[in-house]
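Accompanying notes for the structure given below.
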Amino acid sequence: MRPIDPVQHQQRRQQIVEAALECFAEKGFHRTRTADIGRRAGMSPGHLFHYFDSKDAIFAEVVEQDRRDAAAHFAALHAREDRYGALLELADTVLALVVQRRYAALTLETAAEALRHPRLAAVFERDDALIKADLERLLGDAAQHGQIDPGVEPQALAIWLLALMEGALMRAALDPHFDLARERATLRLLLERLLRPHGGR
């Protein structure tokens, strides 16, 4: 047997993931077949199974890649001295993703599938817990440095901020008139009043 080229192997896996992302966004998880993914990736189902043993495994990798992207983004935010500015940047990033129809559709599809499938639910819950912990840390650091109201409780606040962001995904997916510029200004005003009730003083 020829030795596996790790670079080529990873490139092929990513090619399959990208094809799956397009299929899941268009058809949803259940209506997408591995044959659909393989066709979109330009390979046979048998070839596809050399890289992923099931459609569930592909879906799990989609969720895992999203978590890695979020972790890298949070690492950059944690390095900033202006924690409040980092929170605003996070909000801007989320809103920019929200208006991408494919991202919104995939996020809603991921959440829906996690409710139905125990294996995927475990992946989703683990990754959600890591994102929540990163947000709690960012809020805690901001409070400790006096950049947001020190009376806020990071754990509870993180839950509600995540709920707000997740709700924005649903709103953008359902509302074709969702205006990013207008909603960004409103969200910043909400965060200012929630996190810095004394006008930043």
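The values are calculated or read from the model by the stated rules, or taken from the named source; none is laboratory data. Because the structure is a prediction, the values reported are computed rather than measured. FYI the Cβ positions are ideal-geometry reconstructions off the backbone, even for glycines, and counts take in every protein chain you see. Ligands, DNA and RNA are excluded from the accessible area calculation, which covers all protein heavy atoms including side chains. Shrake-Rupley method; radii C 1.70, N 1.55, O 1.52, S 1.80 Å.
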Q | Residue list for region 41-82, filter: in contact (Cβ under 8 Å) with a residue 60 or more places away in the chain, open to solvent by less than 40 Å² (accessible area, probe 1.4 Å) and of a type in the set (D, E, K, R) | A | Asp56, Glu64
Q.
Can you go through Asp179, Asp127, Asp134 and tell me which one is of a type in the set (D, E, K, R) and at pLDDT 90 or above?
A. Asp134
Q: Quick one: Leu194 ticks every box in (1) within 21 Å of the chain's Cα centre (by Cα); (2) assigned to a helix (DSSP H, G or I) except a single one, so which number is it?
A: (1)
Q: Mind telling me which of the residues Glu109, Glu153, Glu89, Glu136 ends up being free of Cβ contacts under 8 Å to residues at least 24 places away in the same chain and in contact with a helix residue (DSSP H, G or I) (Cβ under 6 Å, 6 or more places away or on another chain)?
A: Glu136
Q: Scan region 8-40 for residues that are touching a residue at least 12 places away in the same chain (Cβ under 8 Å), open to solvent by 10 Å² or more (accessible area, probe 1.4 Å) and among the aliphatic types (A, V, I, L, M) and jot them down.
A: Leu21, Ala25
Q | Condition check for Ile131: under 28 Å from Val62 (Cα atoms) and open to solvent by 80 Å² or more (accessible area, probe 1.4 Å) | A | no
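Here is a yes/no grid of residues against (1) polar (S, T, N, Q); (2) at pLDDT 80 or above:
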{"site": "Val123", "(1), (2)": "no, yes"}
{"site": "Ala168", "(1), (2)": "no, yes"}
{"site": "Thr186", "(1), (2)": "yes, yes"}
{"site": "Pro197", "(1), (2)": "no, no"}
